[in-house]
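**Student:** Dumping the structure here so I can ask a few things about it.
The values are calculated or read from the model by the stated rules, or taken from the named source; none is laboratory data. A quick note: this is a predicted structure, and the numbers were derived from the prediction, not measured. FYI the Cβ positions are ideal-geometry reconstructions off the backbone, even for glycines, and counts take in every protein chain you see. Heads up: the accessible areas ignore ligands, DNA and RNA and are worked out on the full protein's heavy atoms, side chains in. Shrake-Rupley method; radii C 1.70, N 1.55, O 1.52, S 1.80 Å.
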Amino acid sequence: MWNYNEKVMDHFLNPRNVGEVENPDGVGDVGNITCGDALKLTFKLDENGRIADVKFKTFGCASAIASSSALTELVKGMTLEEASKVTNQDIVALLGELPEAKMHCSVMGMEALQAAIANYRGEEVADNGDDHEGAIICKCFGVTDTKIRNVAKQNNLHKASEITNFCKAGGACGSCLDEIQRVLDELWNNAPAEKAAPKLDDFNKLTTVQKVFRVQEVIDKEIRPLLEHDGGSIELVDLNGSNVIVRLTGRCSSCPSAGVTLKYTVQDKLREFVSSDLTVESI
Amino acid sequence: MSDKPVIYVDNNATTCVAPEVLEAMLPYLTRCYGNPGSIHTFGGSVAKDVENARLKIAELLNADHRNPDGEATEIIFTSCGTESDNAAIWSALLTNPERKKVIASKVEHPAILNLGRELERRGYIFETIPVDGNGRIDMQALEEALDDNTAIVSVMYANNEIGNIYPVEEIAKLAHKHGALFHTDAVQAVGKVPIDLANSEIDMLSCSGHKLHAPKGIGVLYVRRGIRFRPFIVGGHQEKARRGGTENVASVVALGKAAELAKNGMAEEVKYLSMLRDRLENGLLERIPRIKINGDKSSRLPNTSSVSFEFIEGEAILLLMNQFGICASSGSACTTGSLEPSHVLRAMGIPYTSAHGTIRFSFSRYNTVEEVDFILEKLPPIIATLRKLSPYWKEEYAQ
Ligand SMILES: Cc1ncc(COP(=O)(O)O)c(C=O)c1O
Ligand code: FES
Ligand SMILES: [Zn+2]
Ligand SMILES: [Zn+2]
């Protein structure tokens, strides 16, 4: 069960401004039923160009409904100039807090607002509120690199898992997580976050002895215990540039799945803990 | 936890400990704390009580083999259903090292599916068999997947989300034709429907105490006599050297008592639970437009109902029901912390318009007709409220 605070529960149980404004000046439609969240925002301006009436309809969880409701309270009375500066952080601030995994609900609110303003101004918006520009990085949720960069900049996100919390990308099949991380690494080039795994160039700067030492450590701590579970073992024979040469012993050496074991277990682990460019060869 | 009345219709998630069960187990948390492995009478008498519990479980499953000491040695106590599942699959692979393949259905519990992914990482083949729109397994695909490289087929006895009961005997026969073993995760079936292992081809079967009014953290793996077994947890000689670790005596005794209660009440309960379920389903169908009952109506558990409410999202439904103390669960993405609806609903091809708004109600003997009627009173306005909020709902759908 999610732990929503009282403010979120209040907006969920007593949502403000539900419905659709008649003859709206702007309409914003974002999200879709496939990914489990969708929001339609409509507004009308008064003679001074301020948002006089604003309403929402939301398909989604409690925090999606609460975020939409909070959004309408937030922007009522604003000029479009002011409203266009509203971010998902403002929605979260009004609600007090949202669980980390639900941050995407606040992002959806911001996107609906931006889409509605663009609609009023006669600018073209994509169906899903996603930018036209940019390449799709996450196929499951149709998220582009442009969107990933925007969300990351606005919320100071450095890790792929944080991107998943804020815009879902990476949260289904997960096959795009490496790509998301690459986009983030590129974006934060000047101020990279602390990375758990050492990067290849770090590895390349090491002396050969240091390299061997690191590979050996990962084999001892991470790989051998796995193989021993199946009655096999592994020895490091040589290191030739980024090619790791090993000898598989015991059950593994005669096991027909040795090739697969090698590829998946040894190489994966070495790439995960040492350097993503390593290849493995057995003798 | 608050003190407001709770209408608990989430019994496939877990059940309350039956009062009789609690009473039976308490002495083993107080006076009778001996180790059943000890040589002295103080511990030794506890060993008798463990064996007695084993017999009661064997009786519930009609596992009729007894060793010369009269013990039901086909029953192995474990720590939970998940351990039983893991132990069964690993044992099949380790005792048949020349076979590298495991076959399961796409709607198995994560205890099997995630184990399968782990097996793949270790070089084994894990193949999953699709299901149709009602969650029925594709028998033809299963036959095609079976080969002489298959060590074991594992298909659940009954599904936790939609309640489907699978044709396990038929599947066991197919597996045996190819020299493969057959295991069934019967965690949701044991205690709810009759199981007759004496007249069955099932080789191994998993069960979990907390689904039949025993405590959490006790499970059973049934291993048919004559099936080779390799322990999953290696240690002392407990459970005839098939599962190391001092027995969880109080919970073992509890599960024995729970099995006895289930066996004695089975015929009545099947009728009672189907009555509650049908009352709920018919009531909902009458009162709420655009809903769908999921699963195989011709073969399912008496206590489980999976209902899709179109155009709205499950977490919101659950939270509003929670306001009235109604506890159910949902296959929606948002409740589980994942971002996709449940793998069972997706495997069935339930459209996203319904999958996100799917709620599972699961009853036990402690539920009442009044509770069902309370749900029938509270739920329609909840659904209407959320639909009014939904951009996909149109008033003409109500006709
Ligand atoms: C079908 C099925 N298998 C396995 C399990 C896991 O059982 P346990 O919680 O005892 O590990 C469950 C319970 O959630 C289940 O429903
Ligand atoms: S492609 Fe991003 S989660 Fe599947
Ligand atoms: Zn949600
Ligand atoms: Zn959301």
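**Student:** What does the C-alpha gyration tensor say about the overall shape of chain A? Classify as rounded when a/c is under 1.5, otherwise prolate if a/b is larger than b/c, or oblate.
**Tutor:** Note, shape of chain A comes out prolate.
**Student:** Restricting attention to the range B:255-330, which trypsin sites (Lys or Arg not before Pro) occupy a DSSP loop and are surrounded by at most 15 other Cβ atoms within 10 Å?
**Tutor:** Numbers: sites: B:K257, B:K263, B:K271, B:R277, B:R279, B:R287, B:R290, B:K292, B:K297, B:R300; in loops: B:R290, B:K297.
Here the sparse-neighbourhood loop sites are B:K297.
**Student:** Note the angle between two axes, namely the Cα long axis of helix B:41-61 and the longest principal axis of the Cα atoms of chain B, as a number of degrees from 0 to 90, rounded to the nearest 10.
**Tutor:** 50 degrees
**Student:** Please report the buried accessible area for the interface of A with B, total over both chains, probe 1.4 Å, in Å² to the nearest 100.
**Tutor:** Working: alone 14850 and 17130 Å², together 29130 Å².
Answer for the A-B pair: about 2900 Å² buried.
**Student:** Let me ask you something else. Under a crude label model (7 Å from the Cα following the beta-carbon direction), how far is A:K85 from B:K378 in nanometres?
**Tutor:** Each label point lies 7 Å from its Cα, and together they span 4.6 nm.
**Student:** Over the residues of the range A:56-156, compute the C-alpha Rg and express it relative to 2.2 N^0.38 Å.
**Tutor:** Compared with the compact-globule rule of thumb, the range A:56-156 sits at 1.05.
**Student:** Could you tell me which GluC sites (Glu not before Pro) in the range B:28-95 are loop residues by DSSP with no more than 12 other beta carbons within 10 angstrom of their beta carbon? Could you put the intermediate results ahead of the total?
**Tutor:** Working: sites: B:E51, B:E59, B:E71, B:E74, B:E83; in loops: B:E71, B:E74.
Counting only loop positions with at most 12 other Cβ atoms within 10 Å, none of the GluC sites (Glu not before Pro) in the range B:28-95 qualifies.
**Student:** Same structure, new question: Over chain A, what is the mean sequence separation of C-alpha contacts under 8 Å (at least six apart), divided by residue count, expressed as relative contact order in percent?
**Tutor:** Computed value for chain A: 12 percent relative contact order.
**Student:** Once every DSSP H run of n ≥ 4 in chain B is given -39500 (n - 2.57) and the sum is divided by its residues, what mean residue ellipticity at 222 nm do you get, rounded to the nearest 500 deg cm²/dmol? Please report the intermediate quantities before stating the final value.
**Tutor:** On the way: 13 runs with 158 residues, N = 399.
Helix-only estimate at 222 nm: -12500 deg cm²/dmol.
**Student:** Which value, in Å², gives the accessible area per residue of chain A when a 1.4 Å probe is used on the protein heavy atoms?
**Tutor:** Roughly 48 Å² per residue, with all protein chains present.
**Student:** Classify the range A:6-120 from the C-alpha gyration tensor, please: rounded if a/c falls under 1.5, else prolate or oblate depending on whether a/b exceeds b/c.
**Tutor:** It is prolate, given that a/c is not under 1.5 and a/b is the larger ratio.
**Student:** What nm value, rounded to one decimal, do you get for the distance between B:V6 and B:R279 when each label is placed 7 Å out toward the C-beta?
**Tutor:** In this crude label model, B:V6 to B:R279 measures out at 2.2 nm.
**Student:** Rounded to the nearest percent, how much of the accessible area of the range B:19-261 (1.4 Å probe, protein heavy atoms only) is carbon and sulfur?
**Tutor:** 52 percent
**Student:** Is there a quick way to get the dipole size of the protein assembly as shown? I mean about its Cα centre, with the Cβ of Lys and Arg at +1 and of Asp and Glu at -1; what is the value in debye to the nearest 20?
**Tutor:** 1320 debye
**Student:** Can you bin chain B into rounded, prolate or oblate? Criterion: square roots of the alpha carbon gyration tensor eigenvalues sorted a ≥ b ≥ c, rounded for a/c under 1.5, prolate for a/b above b/c, oblate for the rest.
**Tutor:** oblate
**Student:** For the range B:89-167, state which GluC sites (Glu not before Pro) are in a DSSP loop and have at most 13 other beta carbons lying within 10 Å of their beta carbon.
**Tutor:** Sites meeting the loop and neighbour criteria: B:E98.
**Student:** Now, a different point. Note down the Stokes-Einstein diffusion coefficient of the protein assembly as shown in µm²/s, whole number, using a Kirkwood radius over alpha carbon pairs, 25 °C, and 0.890 mPa s. Spell out each step's value before the answer.
**Tutor:** On the way: Rh = 28.1 Å.
The calculation lands on 87 µm²/s.
**Student:** Based on DSSP loop calls and a cut-off of at most 10 other Cβ atoms within 10 Å, the longest stretch of chain A free of exposed GluC sites (Glu not before Pro) is what?
**Tutor:** So the longest stretch without any such site is A:195-283.
**Student:** If you don't mind, there's one more thing I want to ask. First select every other residue whose beta carbon is under 12 angstrom from the beta carbon of B:S45; then total the charges, Lys and Arg +1, Asp and Glu -1.
**Tutor:** Once positives and negatives cancel, what remains is 0.
**Student:** Starting from the amide H of B:T358, placed 1.01 Å from N in the peptide plane, find each other amide H under 5 Å away whose residue is 5 or more places distant or on another chain.
**Tutor:** Here the answer is B:F309, B:G314, B:G331, B:S332, since their amide H atoms fall under 5 Å of that of B:T358.
**Student:** If I fit a long axis through the Cα atoms of helix B:110-121 and take the longest principal axis of the Cα atoms of chain B, what angle between them do I get, 0 to 90°, rounded to 10?
**Tutor:** The two axes meet at around 70 degrees.
**Student:** What whole-number value in Å² describes the accessible area per residue of chain B for a 1.4 Å probe?
**Tutor:** Result: 39 Å² per residue.
**Student:** Once you keep just the Cα pairs under 8 angstrom separated by 6 or more residues, what percentage relative contact order results for chain B? Provide the component values of the computation, followed by the final result.
**Tutor:** Working: 804 pairs, mean separation 86.0, N = 399.
Reported relative contact order: 22 percent.
**Student:** Which listed residue (B:L285, B:G34, B:H65) has the Cα farthest towards the positive end of the charge dipole for chain B, taking +1 on Lys and Arg C-beta and -1 on Asp and Glu C-beta about the Cα centre?
**Tutor:** Checking the options against the dipole of chain B, the answer is B:G34.
**Student:** I've got another one for you. How long is the gain from B:D132 to B:A267 if the chain were fully straight, where each residue apart is worth 0.36 nm and the alpha carbon distance is subtracted?
**Tutor:** Gain on stretching B:D132 to B:A267: 45.6 nm.
**Student:** Can I ask one more? Could you state the angle between the C-alpha long axis of helix B:249-287 and the longest principal axis of the C-alpha atoms of chain B, as a value from 0 to 90 degrees rounded to the nearest 10?
**Tutor:** Once rounded, one gets 20 degrees.
**Student:** Still on this structure, please answer the following. Which pairs break 29 Å Cα to Cα here: A:K269/B:K177; A:K139/B:K378; A:K40/A:K153? Walk me through the numbers before you get to the answer.
**Tutor:** Working: A:K269/B:K177 39 Å; A:K139/B:K378 39 Å; A:K40/A:K153 25 Å.
Cα-Cα > 29 Å for A:K269/B:K177; A:K139/B:K378; rest within.
**Student:** May I ask you to derive the FRET efficiency for B:H178 and B:R230 from their Cβ-Cβ distance with R0 = 22 Å, giving the value to the nearest 0.05?
**Tutor:** In this case the efficiency is close to 0.60.
**Student:** Remind me, what semi-axes does the range B:1-53 give for its equivalent ellipsoid, largest first in whole Å, using sqrt of 5 times each Cα gyration tensor eigenvalue?
**Tutor:** Taking √(5λ) for each eigenvalue gives 34, 12, 8 Å, largest first.
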